[in-house]
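The values are calculated or read from the model by the stated rules, or taken from the named source; none is laboratory data. Quantities reported herein were computed from a predicted structural model and do not represent experimental measurements. Reconstructed Cβ throughout: ideal geometry from the backbone, glycine too, with neighbour counts over all protein chains shown. Remember, those area values only see protein heavy atoms, side chains included, never the ligands or the DNA or RNA. Shrake-Rupley method; radii C 1.70, N 1.55, O 1.52, S 1.80 Å.
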Amino acid sequence: MPQNSSVTAAPASLEQALKLGLLEEEFEQIKSILGRSPNFNEVAMYSVMWSEHCSYKNSIKWLKTLPRDGERLLVKAGEENAGLVDIGGGLGCVFKIESHNHPSAIEPFQGAATGVGGIHRDIFTMGARPIAALNSLRFGLPDNPKTKWLVKGIVKGIGHYGNCFGVPTLAGEVYFEDCYQTNPLVNAMSVGIVKAGETVSATSYGAGNPVFIVGAATGKDGIGGASFASADITEDSAEQLPSVQVGDPFEEKKLLEACLEVIQTGAIIGMQDMGAAGITCSTSEMSAKGEHGMIIHLDRVPLRQQDMKPWEMLLSESQERMLVVVKKGQEGAVQAVFDKWDIHCVAIGEVTTEQRLKYYMQEELVADVPAQSLVLGGGAPVYERAYSEPAYFKAIQAFNPASIPIPGDLRAIAFHLAQLPNIASKRWIYEQYDSMVMTGNTQTNAPSDAAVVRIHGSEKALAVTTDCNARYVFADPFKGAMIAVAEAARNIVCSGGTPVGVTNCLNFGNPYNPEAYYQFVHAVKGMGEACRKFETPVTGGNVSFYNQGPEGPVYPTPTIGMVGVLDSMENKMTLSFQHPGDLIYLVGSAREDFNCSEYLHQLCGVTHSPAPHFELDEEHALQKTLAHLIDRGSIRSAHDVSEGGLFCCMLESAMSSGHGFNLHSPAGMRKDAFLFGEAQSRVVVSVNPDLKSLFEAEVAGTPYSLLGRVASNAEICVDGESWGYLPEWKQAYEQALEQALTA
Amino acid sequence: MKFGIIVFPGSNCDRDMEHALRDDLEQDVVMLWHKDRDLSAFDVDDCLVLPGGFSYGDYLRCGALARFSPMMEQVINFAGRGGKVLGICNGFQILCESGLLPGVLLQNDHQKFVCKNVFLKSEHTDNIIGDNVGARVLQIPVAHGEGRYHADTKTMQSLRENRQIIFRYCNQEGEVHLSSNPNGATDNIAGICNVRRNVYGMMPHPERATSEVLGNMDGRSILEAFTYMN
């Protein structure tokens, strides 16, 4: 036991604290917590733990307004590394989404790869086996050379990590918009399954229990990554390259298997992965949760670089590491498992009753801080930022739809739409991901709006999706965020699932910018409203501010990751047309509304228009009707209307089956709005003609209209006019993005 | 008859193979750890499977390190005794690296990982798989970054003469074209066997196509082929 009882290093200066990203008031607060001036190690620790990335200091006030309770919720939001939802049958589902925007902006391959690695670690540190990976990506326009470089690197990074780690990447979304030119978004989500009673908590207690560091050796990579994520991206950001971590999916695969195996020994008190702020974050969060302290000997940490200083070890974000607290006397069983997998497992300290974290280097006390003072909900600061309505709202309100002439050749418009990067097939991207490993993904041979993944050893399946049309959020943060939640729920319902929970990744601009903060506040309010309506509590997630470059903030992008449950695979509904002659219906109301659509934005060049039609109650009723129709077996396919409008929706249902369709537009409505508008709360379904009267009886109460029929050949026919055959459409749709990115 | 599945560190299709064989084909399956060396429970009616994944992280070269594991020594002996061995994807790479099958698997010609359904056709019936699957076109997924089969001219000639090519990539109609080749493999080769016809390697993943739930059962006939007694 080291004997030095007071920290030795010289006090840090205010200037050093400011350089590390702390505010002067925060430096004063640290002094009052410690009752003395902090040394450099301590200031460094506070600077990362109190960064936005770890402390949520500028967002937590609003995050607390989100619904975080529900009868299925097994842990409260924010209590563990990820949300845990009861899906019945003795199984729990653990899921979370997280951003890795800034690292990916400057080192796309490693930035994206470690984003994937980090989110999977959050899942298996709780004892769950990840079974699905999703992502949500935003880039600048594809004709920009930097975009091509970013897309190639980020996609390769996601594939590299996920494919080797062996968890399928089975759903996601990709948008291209010039506001993301400097600052792309890379949000990665992982979904895992755990048996009830086999979860592990990120806690630490029991004086004398040993603390182990497990996994990769510690290097200087990623030092200060959390602080880096909490500043605007600039031209100089590339100089921060050491802030980007380097991933090793093979090490993580071994770590996964070993961690799941070691849980079975019953020797584990608590476990937490090391992500942002590495040893500092894991030791402080576990200790704070378990209301204990720790003594940590930094000189015992396995290093991959010589001569690392204490603060470098404390802040290193080297990947594939875990902190594990073990029951004293059972170290042997734990060691045996990690030995089997050839993984470092080294005791670096022990649990103490005194609720302080004491870090030693060769018997010298190099940092001594109260655990609670570092963490969110403890001593970390909480701020309320000012906000004001964005000036650009005036331009949005000024939009007049009548100013847009109705084009003569709608077929040409449709053909162009099908090839826009935001609508065209993302095949060039998703074929680089192993989407089928773990033999659970049912999308390959029967696509649906949300990805449906079976759970081996159970009748149940999960439906998972990520959604956010950020242009809608830009136009109306409150309504746009509601739409993101609604679309996620609609995708799950259209796939035959029941939505059970949400994880969110809130990508916004600089919180000190009142207009960016206005977007944040109103998006969170809208999200809360919708999540309450759909009974999908927010189980956790991540806030990413400072997403902006010299040209301004990105679109406010509150990505929704949603999980739904299918009690049986029998309930699964595909989006593909099934049989020639089937009737095609629109469930929901046709509307003369093309606000904010891809058509209006990309083809008519309107940058500012209001969010499309959306009413929460109407949407909720529509989803109830859809679930009922699927439950009664009265429809054969369901596909929700989203980007590209009704026509693109039907085109997708047709292309995935090879069956064409004919479509009749209603009189008295702008045909471009009918075909390409993106008004919400609409689903295209196909119905066996023999069940026409049953369908019409079951759908009663919800507006619906007959659109046409599934064709017996591959022809697309609109109002009696041939628009050509599917192979031509499919070739254009499938090759457009590849051509744009590789040109 | 039973199957043994070798688990290397970094294998990630070991469980998929276990599910396919045990749940879908209702076979006996034993999982074998790469550090062990006991195969005394296996005789020549049994089949050892080297599953897909990234053994040893694919460091050095795909499959290059796995061949030196204690269990692989035993697998080589087992094959020498006439025991049946099947390598899928990374397992195929290991079989080539360890000399149980000729040739190598190089990086895909487009230099990207590729995961999608492809079509395969068996050409000969005088091998275990071909005998069972016949001339039917099968739809089986591939998922690899380094699956481009390559061998020198002499080896290629002997593969043809000995009818060792078990699968070629083709289109839905069974026509073998360059356009249906997902990785640039020589002669559209998707899988081969040894001269003795007890060691088989293929890049596509039959274990991903054995279940009704996934909507594709085309992989069953490939795996079933190994369940019949000699």
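If you go through the stretch A:254-270 and keep only what is buried (at least 24 other Cβ atoms within 10 Å of the Cβ) and either of a type in the set (S, T, N, Q) or closer than 21 Å to residue A:222 by Cα (or both), you end up with just A:255. Determine whether residue A:651 is at pLDDT 95 or above and touching a strand residue (DSSP E or B) at 6+ places or on another chain (Cβ under 8 Å). Considered against the rule, which asks whether it is at pLDDT 95 or above and touching a strand residue (DSSP E or B) at 6+ places or on another chain (Cβ under 8 Å), residue A:651 comes out as yes. Scanning the stretch B:20-41 for residues that are at the interface with another protein chain (Cβ under 9 Å from one of its Cβ atoms), surrounded by fewer than 20 Cβ atoms within 10 Å (Cβ to Cβ) and in a helix (DSSP H, G or I) yields one hit, B:23. Exactly one residue among A:743, A:679 is of a type outside the set (Ser, Thr, Tyr), on the phi < 0 side of the Ramachandran plot and surrounded by 12 or more Cβ atoms within 10 Å (Cβ to Cβ), and that residue is A:679. Within the stretch B:87-95, the presence of a residue that is more than 20 Å from residue A:434 (Cβ to Cβ), out of contact with any His (no Cβ under 9 Å at 6 or more places or on another chain) and not aliphatic (A, V, I, L, M) is excluded. Being away from chain A (no Cβ under 13 Å) and surrounded by fewer than 21 Cβ atoms within 10 Å (Cβ to Cβ) is a property that residue B:44 has.
Can you confirm whether the stretch A:465-474 contains a residue that is in contact with a helix residue (DSSP H, G or I) (Cβ under 7 Å, 6 or more places away or on another chain), assigned to a strand (DSSP E or B) and touching a residue at least 60 places away in the same chain (Cβ under 8 Å)? Yes, that holds for at least one residue.
The test for being open to solvent by 10 Å² or more (accessible area, probe 1.4 Å), at pLDDT 95 or above and either part of a helix (DSSP H, G or I) or among the acidic types (Asp, Glu) (or both) does not hold for residue A:159. Looking across the stretch B:73-102, the residues that are assigned to a loop (DSSP other than H, G, I, E, B), over 14 Å from the mean Cα position of the chain (by Cα) and either touching a residue at least 40 places away in the same chain (Cβ under 8 Å) or within 12 Å of chain A (Cβ to nearest Cβ) (or both) come down to B:82, B:83. Residues satisfying the criterion are absent from the stretch B:119-142 (criterion: charged (D, E, K, R) and within 26 Å of residue B:61 (Cα to Cα)). Checking each residue in the stretch A:410-459 for being facing chain B (nearest Cβ under 10 Å), within 29 Å of residue A:602 (Cα to Cα) and part of a loop (DSSP other than H, G, I, E, B) picks out A:431, A:432, A:433.
Quick grid of which residues meet (1) at pLDDT below 95; (2) open to solvent by 10 Å² or more (accessible area, probe 1.4 Å); (3) outside the structural domain of residue A:169 (by TED's automatic domain parsing):
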site: A:93; (1), (2), (3): no, no, no
site: A:97; (1), (2), (3): no, no, no
site: A:103; (1), (2), (3): yes, yes, no
site: A:114; (1), (2), (3): yes, no, no
site: A:120; (1), (2), (3): no, no, no
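Within the stretch A:122-156, the set of residues being basic (Lys, Arg), over 26 Å from residue A:456 (Cα atoms) and either open to solvent by 10 Å² or more (accessible area, probe 1.4 Å) or within 14 Å of chain B (Cβ to nearest Cβ) (or both) comprises A:146, A:148, A:152, A:156. Tell me which residues, restricted to the stretch A:342-362, are touching a helix residue (DSSP H, G or I) at 6+ places or on another chain (Cβ under 9 Å), outside any strand (DSSP E or B) and either more than 14 Å from every other protein chain (Cβ to nearest Cβ) or open to solvent by 20 Å² or more (accessible area, probe 1.4 Å) (or both). Within the stretch A:342-362, A:342, A:344, A:355, A:362 meet the criteria.
The set of residues from the stretch A:274-292 being surrounded by fewer than 24 Cβ atoms within 10 Å (Cβ to Cβ) and not in a loop (DSSP other than H, G, I, E, B) comprises A:289, A:290. Of all residues assigned to the stretch B:204-216, none qualifies as being part of a loop (DSSP other than H, G, I, E, B), more than 14 Å from every other protein chain (Cβ to nearest Cβ), out of contact with any Pro (no Cβ under 9 Å at 6 or more places or on another chain) and open to solvent by 10 Å² or more (accessible area, probe 1.4 Å).
The residues on offer are A:339, A:307, A:299, and the sole one that is touching a Cys at 6+ places or on another chain (Cβ under 9 Å) and not assigned by TED's automatic domain parsing to the domain that holds residue A:124 is A:339. Taking residue A:76, is it assigned by TED's automatic domain parsing to the domain that holds residue A:499, at pLDDT 95 or above and of a type outside the set (Ser, Thr, Tyr)? Taking the combined requirement at face value, the residue does not satisfy it. With respect to residue B:228, determine if the residue is aromatic (Phe, Trp, Tyr), touching a Leu at 6+ places or on another chain (Cβ under 6 Å), away from every other protein chain (no Cβ under 14 Å) and closer than 26 Å to residue B:81 by Cα. Answer is no for this residue. Examine the stretch A:91-109 for a residue that is within 14 Å of chain B (Cβ to nearest Cβ) and either among the β-branched types (Val, Ile, Thr) or not in a helix (DSSP H, G or I) (or both), and state whether such a residue exists. No, the stretch A:91-109 has no match at all. From the list A:551, A:535, the one residue that fits, being touching a Gly at 6+ places or on another chain (Cβ under 7 Å) and in contact (Cβ under 8 Å) with a residue 24 or more places away in the chain, is A:535. In the stretch A:372-409, what count of residues is obtained for those that are touching a His at 6+ places or on another chain (Cβ under 7 Å) and either part of a helix (DSSP H, G or I) or surrounded by 16 or more Cβ atoms within 10 Å (Cβ to Cβ) (or both)? Selection size over the stretch A:372-409: 3.
The requirement of being assigned to a strand (DSSP E or B), out of contact with any helix residue (DSSP H, G or I) (no Cβ under 6 Å at 6 or more places or on another chain), among the polar types (S, T, N, Q) and at pLDDT 95 or above is fulfilled nowhere in the stretch B:182-194; no residue meets it. Among the residues of the stretch A:682-734, those that are open to solvent by 70 Å² or more (accessible area, probe 1.4 Å), in contact (Cβ under 8 Å) with a residue 40 or more places away in the chain and either among the acidic types (Asp, Glu) or part of a helix (DSSP H, G or I) (or both) comprise A:692, A:721, A:730. When both residues are 6+ apart or on different chains and their Cβ atoms are under 8 Å apart, which pairs have a first residue that lies in the stretch B:103-117 and is within 13 Å of another protein chain (Cβ to nearest Cβ), and a second that is among the β-branched types (Val, Ile, Thr) and open to solvent by 20 Å² or more (accessible area, probe 1.4 Å)? Short answer, once both residue conditions are applied: B:117/A:444.
Of all residues in the stretch B:61-72 being open to solvent by 60 Å² or more (accessible area, probe 1.4 Å) and more than 12 Å from every other protein chain (Cβ to nearest Cβ), which is farthest from residue B:31 (Cα to Cα)? For the stretch B:61-72, the residue satisfying everything is B:61.
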